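Read the structure below first, then the notes.
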Amino acid sequence: MNAWLTVLWIFLLALPVGWVVSALAAGMLARLPLDQRLDPAARIRRVYLVALLPWAAPLVFLLALAAPAAAKPLGLIADHCLSHGIGHPHLCLEHLPAVALAHWHWLVLLLAAIWFGLMAIRHTMVRRRADSQLRTMACLAQGRGRLRVLESPDCVAFAADPGRPFVLISRGLLERLGPRERRIVLAHETTHLRHRDPAQSRWLECLLLAHWPSGAARLRRAWHQAVEERADDSVATRFGAEHVARTIVEVARATAGRDVPALSAAGADTLRRVERLLSIRAPVSPPPVYEVVYGTALAALACVIAGSHHAIETLLGVLM
Amino acid sequence: MSSFPHLGDLEVAILEYVWTLEEVSAKTAHAEIGEERGISLNTVQSTLERLYRKDLLDRVKVGHSYRYSPRVSRDELVAALVREVVGRFGGDSSAAIAAFVDAADIPDKQALQAVEETLRRRRRDRGGS
């Protein structure tokens, strides 16, 4: 029984170790600026891939560690376990290691699990509170369909999805805009709903739970920028880029004139959106090089870990 | 209002009703809202009680029952809600909203004027050509 627990501990240890390494890597990748000439959809994809890294890499670590153990019974690799000393930790399901675990060994894993659990609980509570407020806002606004008008002098317009998606626009903003500008704002927000951006934002936030806060903030910002630009592009094809740019400036002016709170570290850069719309460059749709490199890097990592099976066992022996 | 309390669907409906009449009892609120929704007088009473505890309603005892009146106006409540929701956007990771323009990222006046000048020039150029 103890030997099985030791094997379990070793395999579970792969998760926090893989997480630390991949979160550092994701933090570095998040520092690399995304090429703004790229198609927003391609940028969104890249943000997701980086966001996914601290989840995917620990699993890769685990599978790569388990691969030799699974390959031995199938005869795919030679059984070398008996050449080890008795106290050497084996990543093997046949020759279980005779290494006694101390309490602190389990404490390490327990603390990691508690920390992650607390983060997840905090995230869920904050999300529920935010959803509750959005639902209240939807109730207080006029209209029961997807479009809600809020009787407020503030200038706000947004798409949200606290379970049931809707677009909310304030009376204050409606009064500041002309008919064409209103249509642009509504079309822009409806595009967010069509792409399910508010719902996608939830998934992104779940993925970002496993990131360092600074890396998460950078990825969030890059994602918001790309999502806004994708909606801008979509509306620009119908109304013209200049009209959309003018509307953004008009809404920015209206919002700047009011005491609307501004805490955002993740919203989209308004000026950059306008400048992008006014530039004549068409966005570049890149070949999937980034995605291929990403997949190859993960596969290479798996191969290196599986290939370093013996070295990892030796390292574990020293650490334990 | 410093921070916005959580409000359910029924609470919002009752608040809307109180705002229109200025003073209501549980019975009148039930007759107007409760019967239509198929909920009991007790539910309406406890909802009014919750709104009172959330500092959104005032109440005075008249005979054996309470009469409720709004402590905050609709405008105050909406303003607090906008502050919370729009203020959270981006700053807090969990707000699932995509704002047309994020208040935090509005360029300064000079930058806005420069962009507007560019837009005007482009329009003039197009008109002239």
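Here are some notes:
- For the protein assembly as shown, the dipole from Cβ point charges (+1 on Lys and Arg, -1 on Asp and Glu) about the Cα centre works out to 940 debye, to the nearest 20.
- Over all directions, the projected convex hull of the C-alpha atoms in segment A:128-184 averages 3.8 nm² in area.
- Relative contact order (%) - segment A:89-176, alpha-carbon pairs under 8 angstrom, separation at least six: 18
- Diagonalising the gyration tensor over the Cα atoms of segment A:14-61 and scaling each eigenvalue by 5 before taking the square root yields semi-axes of 24, 11, 5 Å, largest first.
- Calculated FRET efficiency for the pair A:Val20/A:Arg180, C-beta based, R₀ 56 Å, to 0.05: 0.60
- Mean separation of Cα pairs under 8 Å and 6 or more residues apart, divided by the residue count, gives segment B:12-79 a relative contact order of 36 percent.
- Distance between the pseudo-spin-label points of B:Arg121 and A:Leu5 (7 Å out from Cα toward the beta carbon): 7.5 nm.
- Over the C-alpha atoms of the protein assembly as shown, the Rg to Rh ratio, Rh being the Kirkwood estimate, stands at 1.10.
- Given +1 at the Cβ of Lys and Arg, -1 at the Cβ of Asp and Glu and no other charges, the dipole of segment A:41-168 around its Cα centre is 700 debye to the nearest 20.
- Hydrodynamic radius by Kirkwood, which averages 1/r over all alpha carbon pairs of segment A:42-191, in angstrom: 21.3
- Projecting the Cα atoms of A:Met119, A:Val99, A:Gly178 onto the dipole axis of segment A:87-216, where Lys and Arg carry +1 and Asp and Glu carry -1 at the beta carbon, places A:Gly178 farthest toward the positive end.
- The alpha-carbon atoms of segment A:153-243, seen along their principal axes, cover 44, 27, 22 angstrom, with the largest extent given first.
- Spatial extent of segment A:267-316: Rg and Dmax, with the Cα atoms as the point set, Å: 21.2, 60
- Set of aspartates and glutamates near A:Lys72 by C-alpha distance (under 17 Å), chain-local residues within fewer than 8 positions excluded: A:Glu94, A:Glu313
- When the alpha carbon gyration tensor of segment B:9-70 is reduced to an equivalent ellipsoid, its three semi-axes come out at 16, 13, 11 angstrom, largest first.
- Over chain A, relative contact order from alpha-carbon pairs under 8 Å, at least 6 apart, %: 25
- For chain A, with +1 on Lys and Arg beta carbons and -1 on Asp and Glu, the positive-most of A:Ala231, A:Leu207, A:Ala42 along the dipole: A:Ala231
- Looking at chain A, the DSSP beta bridges with both ends there are about 50 percent antiparallel.
Every read-out reported here was derived from the displayed coordinates using simple, explicitly stated rules and does not represent laboratory data. Because the structure is a prediction, the values reported are computed rather than measured. As a convention, Cβ positions derive from the backbone with ideal geometry for all residues, glycine included, and neighbour counts pool all protein chains shown.
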